[in-house]
1. For the chain, with every protein chain kept in place, what is the accessible area per residue (1.4 Å probe, Å²)?
2. With a cut-off of at most 16 other beta carbons within 10 Å, and DSSP calling the residue loop, which trypsin sites (Lys or Arg not before Pro) in segment 384-446 qualify? Please list them.
3. For the residue pair Glu346 and Asp81, what label-to-label distance in nm results when each label sits 7 Å from Cα along the Cα-to-beta-carbon direction?
4. First compute the accessible area of the chain with a 1.4 Å probe, then give the percent of it belonging to carbon and sulfur atoms.
5. Given Thr32, Ala165, Trp526, which one lies farthest toward the positive end of the charge dipole of the chain, if we put +1 on the Cβ of every Lys and Arg and -1 on the Cβ of every Asp and Glu?
6. For segment 202-359, compute Rh as the Kirkwood radius over C-alpha pairs and then the Stokes-Einstein diffusion coefficient at 4 °C and 1.567 mPa s; write the answer in µm²/s, rounded to an integer.
7. FRET efficiency for Lys364 and Ala321, Cβ-Cβ distance as r, R0 = 35 Å, nearest 0.05?
8. Can you tell me the 0 to 90 degree angle between the C-alpha axis of helix 2-17 and the longest principal axis of the chain, rounded to 10?
Amino acid sequence: MLQFRKSMTALAVLASACGVIGGTAGPAAAQTTLKAVMNSDVKILDPIWTTAYVQRAFGYMVWDVLFALDANYEVKPQMVDTWSVSDDKLTWTFTLREGLVWSDGTPVTGEDCIASIKRWGARDSMGQKMMASVAGFESVDARTFKMKMKEPYGLVLQSLGKPSANVPFMMPKKTADTDPMTQIKVEDVIGSGPFVFVAKEWKPGEKVVFLKNPTYKPRAEPPSGLAGAKLAKVDRIEWVWIPDVQTQVSALQSGEIDMLESPSLDMLPLLAKDKNVKLFDYNKLGNQFALRFNTLAKPFDNPKIRYAVSVALGQEDFLKASIGDPNWYQVCKPMFVCGTPFATEEGMKDILNQNAAKAREILKEAGYDGTPIVLMQSTDLGILTNMAPVAKQQMEAAGFKVDMQSMDWQTLVGRRTKKDPPDKGGWHAFITGWAAADILNPVMAGFFNASCDKAMFGWPCDETIEKLRDQFSKETDPAKQKQIVIDLQKYWVEHPTHINLGQYRQPFALRTSVDGVMLAPVTVFWNMTKK
């Protein structure tokens with residue numbers, strides 16, 4: 001009988017979302033549809049399995065979080081109603097808001113959250129650090145659970161409120177019990193967020209459809225950044241995929257679509273002149289480009305050869321090739337985002353100067369044997385397409401042999417998880433971008449995770465880096481944290497896990513009929529309206 005009731009509830013929810021009234025299916029009166037082209041097609045649905053940003057955006061549509069950052073980058077409760085920490089800092093107690101339900105009509109429970117935290121904590125770099133200090137969890141009642149620590153940990157709320165990939169989205173226990181290394185199933189995309197994923201209308205390479213979630217219960221506070229009420233103010237959202245940049249722009253200008261998440265920056269002057277289009281700089285901290293090494297694959301298992309790459313490269317050519325307009329980019333050597341507390345030039349003077357001669361000397365000393373470097377190039381993300389050719393050119397000038405292999409982004413996302421040898425379907429390096437909100441400190445920044453098999457794709461294994469990250473996670477004095485960052489950066493320069501290729505900002509391009517876009521470090525669709 002319980003299963004029958006759940007099924008009937010789920011049908012009622014679906015009927016409400018689809019505008020089924022009196023048994024007759026059809027669109028609700030004055031239904032509003034917003035169409036957007038995202039930075040990539042959607043071929044993967046699991047935002048815990050991958051850090052790709054289109055999956056992060058998908059996650060924010062469907063699921064919700066325990067805590068979130070507001071517009072001032074302060075951690076605020078989201079699904080949580082109240083929380084407390086014991087005097088010895090070893091027991092954290094969280095109580096969920098009343099009335100939270102999944103889109104199938106079943107209640108959200110503390111056990112769901114426990115399972116979700118565990119799965120996220122197995123994949124995310126910040127989650128892994130926190131979970132290393134967690135002794136266990138306890139479900140107190142349907143809405144309350146405890147997290148018990150082995151030792152005091154200074155970044156609990158910052159971890160649970162992490163704004164970007166991987167985001168600790170809360171999922172039903174059945175979904176969260178999926179092996180962290182395995183993608184969740186389509187039928188398990190059940191959330192408590194502001195929108196519902198319409199699986200039957202998902203067509204990879206064409207479109208993804210979301211409907212307003214009639215079961216979503218918003219907070220009472222107004223929306224602010226990623227916190228507060230996540231009010232769905234349009235009935236239907238379609239992410240349509242248009243790979244060609246010019247076709248994207250034409251579709252926006254003609255009104256076929258309402259939004260470009262990542263408009264080609266060389267098209268911004270044209271769009272700025274269109275009276276029906278507006279540009280919105282939603283993420284003031286911006287983003288950072290990065291070249292990621294596969295440290296398992298020779299010759300990048302040798303840190304000296306990775307160091308040679310950092311000596312060979314220079315940021316300016318990458319930024320000119322990808323961004324073009326200096327109003328939208330910034331040369332910035334530090335590991336962490338310029339203009340934020342942990343940005344420092346300490347130890348950086350000998351790298352990122354495009355010094356091919358010096359890099360050749362280092363390669364000779366390191367014994368580079370001419371192994372071709374398999375460099376993956378994303379061809380369908382305009383912001384990244386021109387980056388790999390610059391890397392190839394600068395690396396070859398320093399004496400590397402480079403095999404640049406082109407593919408669409410979602411194929412690259414799948415391939416970067418493979419540990420196969422580069423000449424058998426694996427890889428040596430690729431270029432991506434991180435939102436600034438992902439890389440504000442060494443625990444949050446995934447590419448600094450050097451915990452071997454538990455690290456992100458690239459799998460660096462370095463005890464010194466991990467020791468410094470541990471020290472940072474347990475330190476509460478900002479001055480001491482800054483010194484830890486300096487010590488880490490000086491070491492990391494000669495033992496790089498990746499290379500910072502500069503900072504950039506990229507606005508949304510929107511029809512003027514669209515309003516209410518949130519100032520936030522990531523792309524979200526709540527509060528948006530369309531006239």
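1. Numbers: 20740 Å² over 531 residues.
So the chain comes to 39 Å² accessible per residue, rounded to a whole number.
2. Qualifying residues, ordered by number: Lys401, Lys418, Lys419.
3. Here the answer is 4.6 nm between the modelled labels.
4. Carbon with sulfur: 52 percent of the solvent-accessible area.
5. Going by the Cα projections, it comes out as Thr32.
6. Working: Rh = 20.1 Å.
This corresponds to a translational diffusion coefficient of 65 µm²/s.
7. Numbers: r = 28 Å, r/R0 = 0.81.
Using R0 = 35 Å, I get an efficiency of 0.80.
8. Tilt relative to the chain: about 80 degrees.
The values are calculated or read from the model by the stated rules, or taken from the named source; none is laboratory data. None of these values were measured; they are calculated from a predicted model. Methodologically, a virtual Cβ is constructed for each residue, glycine included, from the backbone with ideal geometry; neighbour enumeration extends over all protein chains shown. Only protein heavy atoms, including side chains, enter the accessible area calculation; ligands, DNA and RNA are left aside. Shrake-Rupley method; radii C 1.70, N 1.55, O 1.52, S 1.80 Å.
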